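One structure is given here, and the rest of the page talks about it.
The values are calculated or read from the model by the stated rules, or taken from the named source; none is laboratory data. It should be emphasised that the depicted structure is a prediction, and the values quoted were computed from it without experimental measurement. Cβ placement follows ideal geometry from the backbone for every residue including glycine, while neighbour counts extend to all protein chains displayed.
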Amino acid sequence: MTKNGRQTAVEAVYRVNEEGAYSNLILNHLFKKYNLADQDRGLATELIYGSLRMRNHLDWILNQFADRRVNKMDKWTRNILRLGLYQIRFLDSIPDAVACNETVELAKDYQHSGAAGFVNGILRSILRSLDEIEFPQLKSNPVQHIRYKYSFPQWMVETWVKRYGVELTVDICSAFNQIPSKIIRQNRLKVTAEELQADLASVGIETEAISEIPQAFRVTNSSSLFQSNSFTAGYFQIQGLASIIAGHIMNPQPKDIVLDLCSAPGGKTTHLAELMANQGEIVANDLHEDKLELIERNCNRLGIRIVRTRAGDGRSLKFEKKFDRILVDAPCSGLGMIAKKPEIKWQKKPQDIDSLAELQLELLNNAGRFLKPKGELVYSTCTITHQENLEVINKFLAQNSDFELVDLSSWADKLGISSEFILEGSIQLLPTWQTNEGFFIAKLKKRV
Ligand SMILES: C[S@@+](CC[C@H](N)C(=O)[O-])C[C@H]1O[C@@H](n2cnc3c(N)ncnc32)[C@H](O)[C@@H]1O
């Protein structure tokens with residue numbers, strides 16, 4: 001069966017918004033299922049990510065023009081309307097009349113003629129009043145303004161306004177709404193930087209080195225990295241920039257014995273192994289046994305031989321030996337990844353943060369027991385929620401007097417991270433930093 005870009009987009013958005021699917025997985029699945037041409041893929045990707053990103057903004061407008069609220073509408077109808085309005089509001093390349101007609105066609109495909117009439121009526125009346133649409137005022141009502149204009153859930157905006165103030169929250173939300181850069185990490189076990197760039201360029205993939213961050217390259221044209229020979233040959237790993245930084249800050253040495261407590265799919269594990277020049281040992285643990293294969297596959301592709309995988313709950317796991325270095329790259333709310341996976345905005349709930357913070361402290365407490373005297377432990381998350389970051393570290397330090405916090409200021413300096421992202425000696429990257437991601441890194445040292 002074949003489908004066009006808009007049909008694919010509405011199915012994907014429906015699955016994400018109404019059934020809790022993950023955008024990247026559903027998108028890959030539907031692209032394969034419907035065998036979409038490149039042009040249709042491009043349009044579908046733009047529509048899916050754009051309408052997920054701007055969902056609250058679109059709903060704010062729809063609620064002013066429809067005779068029933070978006071949350072009371074039929075589920076297909078509301079997602080069809082969101083896609084149509086997204087094109088009208090944000091895509092200059094698509095004429096409004098085309099966006100309108102195509103959306104009405106979608107309503108006929110997925111609903112019935114009554115729904116098509118309803119969709120047509122709303123979009124046409126929005127088109128007549130497009131210049132008059134108003135949002136809550138930033139000055140008098142900052143939370144509601146940011147919530148609808150920048151499209152974020154109220155609880156997130158409130159949490160960030162409390163922590164970062166209104167101005168920075170606007171910048172954070174605006175940065176999270178940008179399309180993030182694609183970053184890859186050079187595998188020094190197999191290629192030099194020049195060889196990697198030349199190999200990629202030979203198949204039309206352009207890259208630029210990111211100054212001050214070793215092994216990191218930005219992919220400057222859109223391309224299918226997974227299909228390249230360089231990928232299959234293990235010349236690089238696709239990895240976020242902040243995550244690469246975590247590996248450097250961990251700074252493992254050849255012959256170290258290392259524990260990576262929450263390791264799958266192995267992005268950081270494989271980086272650590274490379275930094276250790278494939279010498280020593282890494283125990284790569286994850287709660288989910290079925291994810292270990294992902295780590296092993298990455299290791300095989302990248303030519304890594306020092307990783308031993310195991311499955312277990314990091315909160316209670318026991319080890320017979322002690323480690324020189326431990327990484328706790330904890331499960332977290334993932335709010336730092338909103339630019340990449342915008343559905344996180346709508347799927348995470350405030351109560352998730354409380355239970356994650358408890359889990360993170362338990363993981364850290366257990367990991368600490370297996371660190372050698374003078375050993376180092378890195379704690380990282382891909383979120384900007386204080387409760388999951390510095391608060392976890394401070395609780396850990398209060399309960400473990402044999403540990404001290406390592407000041408990461410000089411590391412930050414070396415890696416080109418400015419002091420605004422240093423928080424009491426740890427690193428809290430906000431999306432206003434270069435790659436639209438949020439990330440936290442703290443380093444702890446065992447005294448004796
Ligand atoms: C942030 S991800 C790790 C990403 C990985 N370090 C990388 O760089 O590719 C967190 C991982 O923790 C695992 N996890 C969740 N709960 C856990 C637990 N109680 N013990 C150990 N691992 C856990 C998840 O399965 C997930 O793979």
Quiz item: If we scan the stretch 342-360, do we find a residue that is buried (at least 21 other Cβ atoms within 10 Å of the Cβ) and within 8 Å of the ligand (Cβ to nearest atom)?
Solution: no
Self-check item: the stretch 105-126, subset over 18 Å from Val70 (Cβ atoms) and not polar (S, T, N, Q), residue modelled with the lowest pLDDT
Solution: His112
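Of the residues that sit in the stretch 287-334 and are in a strand (DSSP E or B) and closer than 24 Å to Phe403 by Cβ, which one is farthest from the ligand (Cβ to nearest atom)? Spell out how you get there, then give the answer.
Our first condition is that a residue be in a strand (DSSP E or B); within the stretch 287-334, this holds for 307-311, 323-329.
Within this subset, residues satisfying the condition of being closer than 24 Å to Phe403 by Cβ are 323-329.
Details: Phe323: 15, Asp324: 18, Arg325: 14, Ile326: 12, Leu327: 7, Val328: 9, Asp329: 4 Å.
Among them, the one singled out is Asp324.
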Quiz prompt | Single condition Lys190 does not satisfy, out of (1) at pLDDT 95 or above; (2) closer than 27 Å to Thr45 by Cβ | solution = (2)
Exercise. Go through the residues of the stretch 118-134 one by one and say whether even a single one is out of contact with any helix residue (DSSP H, G or I) (no Cβ under 6 Å at 6 or more places or on another chain), of a type in the set (Lys, Arg) and in contact (Cβ under 8 Å) with a residue 24 or more places away in the chain.
Key: yes
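Return the total of residues in the stretch 138-163 being in contact (Cβ under 8 Å) with a residue 24 or more places away in the chain, under 17 Å from Gln387 (Cβ atoms) and assigned to a helix (DSSP H, G or I). First the steps, then the outcome.
Within the stretch 138-163, the first condition is being in contact (Cβ under 8 Å) with a residue 24 or more places away in the chain, and the residues that meet it are 138, 142, 146-153, 155-156, 159-160, 163.
From what's left, under 17 Å from Gln387 (Cβ atoms): 153, 155-156, 159-160, 163.
Next cut, assigned to a helix (DSSP H, G or I) only: 155-156, 159-160, 163.
Residues that pass the stated criteria total 5.
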Practice problem: Might you check whether a residue that is crowded, with 21+ Cβ neighbours inside 10 Å, touching an Asp or Glu at 6+ places or on another chain (Cβ under 8 Å) and either without any contact (Cβ under 8 Å) to a residue 60 or more places away in the chain or not basic (Lys, Arg) (or both) occurs anywhere in the stretch 9-18? | Solution: yes
Exercise. For the stretch 378-391, name all the residues that are in a helix (DSSP H, G or I), within 14 Å of Ser333 (Cα to Cα) and either aromatic (Phe, Trp, Tyr) or in contact (Cβ under 8 Å) with a residue 40 or more places away in the chain (or both).
Key: His386, Glu388
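Residue-by-condition table, conditions (1) surrounded by fewer than 21 Cβ atoms within 10 Å (Cβ to Cβ); (2) farther than 23 Å from Lys374 by Cα; (3) at pLDDT 95 or above; (4) in contact with a Ser or Thr (Cβ under 7 Å, 6 or more places away or on another chain):
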site	(1), (2), (3), (4)
Met250	no, no, yes, no
Pro254	yes, no, yes, no
Val258	no, no, yes, no
Gly266	no, yes, yes, no
Glu289	yes, yes, yes, no
Arg308	yes, yes, yes, no
Asp313	yes, yes, yes, no
Leu317	yes, no, yes, no
Self-check item: Selection status of Glu274, buried (at least 21 other Cβ atoms within 10 Å of the Cβ), within 14 Å of the ligand (Cβ to nearest atom) and not in a strand (DSSP E or B)
Solution: yes
Exercise. Give me a count of the residues in the stretch 378-391 that are over 18 Å from the mean Cα position of the chain (by Cα), more than 14 Å from the ligand (Cβ to nearest atom) and among the aliphatic types (A, V, I, L, M).
Key: 1
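Look through Pro350, Pro431, Pro373, Pro342 and report the one residue that is over 14 Å from the mean Cα position of the chain (by Cα) and under 27 Å from Met54 (Cβ atoms). Walk me through it before giving the result.
Numbers: Pro431 fails: over 14 Å from the mean Cα position of the chain (by Cα); Pro373 fails: under 27 Å from Met54 (Cβ atoms); Pro342 fails: over 14 Å from the mean Cα position of the chain (by Cα).
After ruling out the rest, the residue left standing is Pro350.
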Quiz item: Given the conditions (1) among the basic types (Lys, Arg); (2) surrounded by fewer than 14 Cβ atoms within 10 Å (Cβ to Cβ); (3) modelled with pLDDT of 95 or more, and given that Lys32 satisfies all but one, which numbered condition is not satisfied?
Solution: (3)
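Considering only residues of the stretch 377-391 that are surrounded by fewer than 21 Cβ atoms within 10 Å (Cβ to Cβ) and in contact with a strand residue (DSSP E or B) (Cβ under 9 Å, 6 or more places away or on another chain), which is farthest from Lys162 (Cα to Cα)?
Within the stretch 377-391, the subset surrounded by fewer than 21 Cβ atoms within 10 Å (Cβ to Cβ) is 386-387, 390-391.
Filter once more, keeping what is in contact with a strand residue (DSSP E or B) (Cβ under 9 Å, 6 or more places away or on another chain): 386, 390.
Details: His386: 11, Leu390: 16 Å.
Selected residue: Leu390.
Does Leu405 satisfy the condition of being part of a helix (DSSP H, G or I) and either over 23 Å from the mean Cα position of the chain (by Cα) or within 23 Å of Thr269 (Cα to Cα) (or both)? Show your work before the answer.
Details: part of a helix (DSSP H, G or I): no; either over 23 Å from the mean Cα position of the chain (by Cα) or within 23 Å of Thr269 (Cα to Cα) (or both): yes.
Here the answer is no, as Leu405 does not meet what is asked.
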